[in-house]
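I have placed the structure first, in the form of structure tokens, so that the comments after it can refer back to it.
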Amino acid sequence: MTRSSVLPVAPTRGRLRPLGLDEVRITGGFWARRRQVNATATLDHCRDWMERVGWIGNFRAAAQGRIHRDRRGREFADSDVYKLLEAMAWEAGDRTGTALDAQIAALTETIAPAQEPDGYLNTAFGRPGQQPRYSDLEWGHELYCYGHLIQAGVAQTRARGEGELAKIARRAADHVCAAFGPGGIERVCGHPEIETALVELARATGEQRYLDQAALFVDRRGHGTLADPEFGRAYYQDDLPVRQATVLRGHAVRALYLAAGAVDVAVETGDDELLAAVVRQWETTVARRTYLTGGMGSHHRDESFGDDFVLPPDRAYSETCAGVASVMLSWRLLLATGEPRFADLAERTLFNVVATSPSDDGRAFFYANTLHRRRRGTVPPVDTDSPRAESSLRAPWFAVSCCPTNVARTLALLPAYLATADDHGIQLHQYADAEITSSGIALRVRTDYPSDGSVTVRVDQSPSDHPWTLSLRVPAWTEGATARLADPDGVRRAVAPGTATITRLFRPGDEIRLELPMAPRWIVPDPRIDAVRGTLAVQRGPLVYCAESVDLPDGQDTKTHTDTGTDTGTGTGTGTGTDTDTDTDVDVDVDVVRVDPSVEPQDGPDGTVVVPGELAAVQGESPAASWPYQPLDQSPEATAEPTGIVLVPYHSWANRGPSTMRVWLPTTTQPPTEQRPPSPQP
Ligand code: FUB
Ligand code: ZN
């Protein structure tokens, strides 16, 4: 089969060959709506904000010699301009002849004069009045910014052919190889990202030196070439060589980008040991350090993974960028190994982290994706950026605004994550209404997934002289899935989670139907996750559900909540800063919800799920208010009548004004009295 050119990731080896944006089109449904909003609202939104906060202007100031005085934003602000350019390039590649081409050209013209003759390009360092180049590799993000520039250049080359942006990126990459190659600065960047970018540039250009440099960066990390920071060297994965690590640790986005780059290097160099090391890290991280949503990272202080099973829902950081990076890693591992478990995690993360971040209108974003919001909070003003990573509702922009542009580029390239090919046929990994055309095969996928679990694949075109194999991922969450050839003789057969295959001499008009049962079901957490022991969550298909206070029955859901909460981060060097929140509202509180696990959840109207339960006595009104711990036999009785609790998809929460929300739901069932714990007293 031939290789497409419009690909975010184009390995020269590996089990599966990706299909590009010129081969896969999403034509309807959940992701088509998200991509439409991304293309028509989010891209402009990001560009307008970056003009407004001066991050685009930084390039003008650099070219005009006034950057030491006028620079705005954090040290990595350049990277968000590049991520936006990458998003625009994929989007332009998808729809020819749009205004995006002119916008890309205009932004490129702004950036170009800021590049130094030797290829150096960064608005935060290196000019008179600024810190010298590479004088702060720990926090300076210079190589990280190049990484995003190079990814934007590769996107442009693949979507449109090599243009000015790609040339700027090439010059920067050549400079990196000269400055950081053998005999140069033998250190790494505090924020991985350059590794995966250089490998992709090597793939796009066929130039070995970029791959060699990426391999050098991967192998150099973990040898203490960076200073020991406040959070320890694990923060930037400089504590252990990649090959020796057994789990992802430290800053989540850094860890995931590095792992993605290590897979790229391993695949291109045939380094099975390195690939196996990353697979091992992925496995342990998924088993012990990942939220039900697929989110990663539970520490606000340093945006990092916690220890095993430290997954508090109300302190979940689960940064949107970590979700994006996790999908990047899973995609690379899927291509390398062909194993569906990587597509399973990508699906979970796409629907429950990446899709959760943007608002319905694509003009506000979650940075941190908590699984439990205890306060309604306030809607951030639309014309002010949010200083915090955890604004109570989605914010239009952040002082550290890495997430909006990361969402934008992921949605723009999303069709490339749907399907692959190999010498035997086509594999479908993610389900969306789509058209797929590759190597003489044309498929029409019809589905309303994830609202509905029916996926029909119609063969519109197929070679007439040889059979081939259609492979369908059967998600790990399914029970009772079936597949059949939808003709009168088609036998419906049960398919287990993993991969269902059908091999035949396909003819145009053949239809294959996959039925994924979508009944909502209870999810029980591992008891080692202390923070959610004794609770349940609900999942329907790949979607995690949550209780949102706006859905609680009228009149039973309020309490007076006068509270001043202070959550002080220490400042991470990447700057989530201090979060001080004063809330004197009358709160609507989902903490009163108790669910009854003896009855199965049911589908409700409009994509909701209804679970049996009750609204328990509000703590503030209970006789036990003075001390929140009681002997088991004195625990407060539930006072409310049984009721149906409406749950909504987690990705949709906080689109209806201020609310409280929780994914993990306490149950009505009390532990048996013989297991009574020692009675705590104040
Ligand atoms: O440091 C650059 C980006 O800012 C990181 O990837 C995010 O976690 C945020 O800190
Ligand atoms: Zn981010």
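Packing-based ranking of 365-376, 208-219 yields 365-376, 208-219, ordered from highest to lowest mean Cβ neighbour count within 10 Å. Of Val263, Val247, Val474, the sequence from fewest to most neighbouring Cβ atoms within 10 angstrom is Val247, Val474, Val263. What shape does the chain have by the C-alpha gyration tensor, where a ≥ b ≥ c are the square roots of the eigenvalues, rounded means a/c under 1.5, and otherwise prolate means a/b greater than b/c and oblate the rest? Since a/c reaches 1.5 but b/c is at least a/b, the shape of the chain is classed as oblate. Each Lys and Arg Cβ is given +1 and each Asp and Glu Cβ -1; about its Cα centre, the range 420-515 then shows a dipole of about 180 debye. The mean sequence distance of close C-alpha pairs (under 8 Å, at least 6 residues apart), as a share of the length of the range 409-471, puts its relative contact order at 27 percent. Modelled spin labels at Ala496 and Asp526, positioned 7 Å past Cα toward Cβ, are 2.2 nm from each other. Ordering Glu600, Glu116 from the fewest to the most neighbouring beta carbons within 10 Å gives Glu600, Glu116.
The helix-only estimate of mean residue ellipticity at 222 nm for the chain, built from DSSP H runs of length n ≥ 4 each weighted as -39500 (n - 2.57), is -9000 deg cm²/dmol after division by the residue total. In percent, rounded to a whole number, the relative contact order of the range 446-540 is 32, using alpha-carbon pairs under 8 Å and six or more apart.
The slack in the chain from Arg243 to Glu511, taken as 0.36 nm per residue of separation less the alpha-carbon distance, amounts to 92.0 nm.
Going by how many other beta carbons lie within 10 Å of each one, how would you line up Asp603, Asp448, fewest first? Listing Asp603, Asp448 from fewest to most nearby Cβ atoms yields Asp603, Asp448. Note: relative contact order over the chain, using C-alpha pairs below 8 Å and six or more positions apart, is 12 percent. Taking 0.36 nm per residue of sequence separation and removing the Cα-Cα distance, the Glu641/Arg209 pair yields an extension gain of 148.6 nm. Projecting the Cα positions of Trp55, Gln103, Gly14 onto the charge dipole of the range 1-121 (unit charges on Cβ atoms of Lys, Arg, Asp and Glu, taken about the Cα centre) puts Gly14 furthest along the positive direction. Measuring from centroid to centroid over Cα atoms, what is the spacing of the range 113-143 and the range 270-314 in Å? Spelled out, the Cα-based centre of one part sits 32 Å from the other. Neighbours of Ser79, meaning other residues whose beta-carbon lies under 11 angstrom from its beta-carbon, give a summed charge of -4 when Lys and Arg score +1 and Asp and Glu score -1. Extension gain, Ala227-Ser5: 0.36 nm per intervening residue step, less the Cα-Cα distance, totals 75.9 nm. In a simple Cβ point-charge model (Lys, Arg +1; Asp, Glu -1; nothing else charged), the range 117-235 has a dipole of about 300 debye relative to its Cα centre.
If r is the Cβ-Cβ distance from Asp448 to Arg133 and R0 is 60 Å, what FRET efficiency results, to the nearest 0.05?
0.70
What is the calculated FRET efficiency for Asp603 to Arg15, with r their C-beta to C-beta distance and R₀ = 22 Å, to the nearest 0.05? For R0 = 22 Å, the calculated efficiency reads 0.05.
Of the residues Val324, Ala343, Ala260, the one whose Cα sits farthest towards the positive end of the charge dipole of the chain is Ala260 (charges of +1 on Lys and Arg Cβ, -1 on Asp and Glu Cβ, taken about the Cα centre). Charged side chains reduced to their Cβ positions (Lys and Arg at +1, Asp and Glu at -1) give the chain a dipole of some 1280 debye around its Cα centre.
FYI, it's all coordinate maths here, none of it is from the lab. What you see is a predicted model, and the numbers here were worked out from it, not measured in a lab. Glycine gets a Cβ as well: all are built from the backbone with ideal geometry, and neighbour counts include every protein chain shown.
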